[in-house]
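Here the structure is laid out as C-alpha cells; the discussion comes afterwards.
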Amino acid sequence: MPPTSSSTIVTVTGDYQYQGESHSHSDPVPCLNLTFSVGVGMTQTGKLIYTELQSIANGIGKFHNGDYIREQDAVDCVKDLIKSLRRENETCNIRRFLGQAQVLQEDLVPLIVYYGRADEELFEVTIRCLMNLTQPARIVFKNEVPQDQSTRHCYIQVEEYLQEYKQAFVNEQFLKVLSEKLAYFLELNVLIERLLVLLRNILHVAATDVDRLRTDDDASTHDQIVWQMHQTGLDKLILYIASSDDERRFAIHVLEIISLMFRDQSPEQLSSAGASRSRREKERDEQELTRITDMERAKKQSQLLRLTTR
C-alpha cells in the first residue's frame, strides 16, 4: 500500500459492488480488531475493497488469553482471501494490504499451529493461502522488476512483507505441524506438492539488511528456519522424498528446497564444515579406542596378578 499521511477506519452503508459482486449493507462493516492505513487520495472503490478485506480478516479469529481462537466462519474467510488475491491489480494491492495488516503472522500461522492437526479442511485452505502469499515478488509482478517508480515501490513493499513473513515462519510449532502433515500425506499421496511449494517459497525469501550484517556465529532468519526444519524432522522427510523412486515427480521441488537451504553457504564453508566434522569424529574414535585399549590392558594386568598370587 502506498505511503499515507493519515489512518482511518472506513465504514460502508448502502449497496455497492466489489470486483463484480453485489453486496448490500444496512449497517457499517464491523471493524473488530484491526485498523489499516487508508490513503487520503484513495478512491471510494479502493476504500470499499479494503473495508471488505478488513471484514474478512477480522472474521478469521483472534488471540484470547494467549491462545488463538478461530471463528466459526474461518474456513470461508480464508477462502475469501484466496479469491481476493486472484483479483488483485497490477500493483498487487490486495497482497500489500494483507501484508500491512499482518494477516499471515496474526491469523494464518496461528491457524496452522492451533488447528492444523485436527481440522483437515482448515489446514488445506490455509496452506493454499500461505502458498499464494509467499510467492516470490518477481513472480507476482509477471516475472520482471517494474521500471516505473510507483510500481517499483509496490514491488519493494511486497519484498519487505515477504521478509517479515519469513521471520514469522521461525516457529518450531508451525514447522512441526508441517513435518507431521508431510509424513502423513506421503502415505496418502495428497497435498505433498503444496507443502513443498510453501517450503520453497519460505526459503526463497531474500535476506533482510539486518541478516546481512550478522556475524558468522550469529544465526540469521534463514539459518533459524533451516535449524528448526532439522529439529522437527522436515529435513529427513525432504531427503526421503529425494531418494524415493515413488516420489520422482517432486524431484524439482526437492532440488529447489535443498539448494535454497544452502544458498548462503559457500562451497568452501560447506567443505570445511565437513572436514571439521570428520576430524572431530576421528578424534572421538581415537579417544574411544585408547580408552578401550587401556581397559583391556588393565584387565590383563589384573588377571596376571591373580595368577601370580595363587
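How many residues does region 146-194 hold that are in contact with a helix residue (DSSP H, G or I) (Cβ under 6 Å, 6 or more places away or on another chain) and either exposed (fewer than 14 other Cβ atoms within 10 Å of the Cβ) or acidic (Asp, Glu) (or both)?
Residues that pass the stated criteria total 2.
Which one of these does Arg212 not meet: (1) surrounded by 12 or more Cβ atoms within 10 Å (Cβ to Cβ); (2) of a type in the set (D, E, K, R); (3) closer than 24 Å to Ile139 by Cα?
So Arg212 meets the others, but not (1).
Please go through region 124-149 and pick out each residue that is assigned to a helix (DSSP H, G or I) and more than 14 Å from the chain's Cα centre (by Cα).
Matches in region 124-149: Glu124, Val125, Ala137, Arg138, Ile139, Val140, Gln149.
Taking region 59-83, which residues are more than 14 Å from Val103 (Cβ to Cβ) and among the small types (Gly, Ala, Ser)?
Passing the criteria: only Gly66.
Under 14 Å from the mean Cα position of the chain (by Cα) and not in a helix (DSSP H, G or I): does that describe Ala206?
Answer is yes for this residue.
Here are Leu104, Leu98, Leu111, Leu81: which of them is crowded, with 18+ Cβ neighbours inside 10 Å, touching a strand residue (DSSP E or B) at 6+ places or on another chain (Cβ under 9 Å) and more than 21 Å from Glu256 (Cα to Cα)? Spell out how you get there, then give the answer.
On the way: Leu104 fails: touching a strand residue (DSSP E or B) at 6+ places or on another chain (Cβ under 9 Å); Leu98 fails: touching a strand residue (DSSP E or B) at 6+ places or on another chain (Cβ under 9 Å); Leu81 fails: touching a strand residue (DSSP E or B) at 6+ places or on another chain (Cβ under 9 Å).
Step by step, each of Leu104, Leu98, Leu111, Leu81 is checked, and only Leu111 is crowded, with 18+ Cβ neighbours inside 10 Å, touching a strand residue (DSSP E or B) at 6+ places or on another chain (Cβ under 9 Å) and more than 21 Å from Glu256 (Cα to Cα).
Could you please let me know if Asp211 is acidic (Asp, Glu), in a loop (DSSP other than H, G, I, E, B), at pLDDT below 85 and not assigned by TED's automatic domain parsing to the domain that holds Leu130?
No: the conditions fail for Asp211.
The values are calculated or read from the model by the stated rules, or taken from the named source; none is laboratory data. Since the structure is predicted, the reported quantities are computational estimates derived from the model, not experimental observations. Virtual Cβ from ideal backbone geometry, glycine too; neighbours counted across all protein chains shown.
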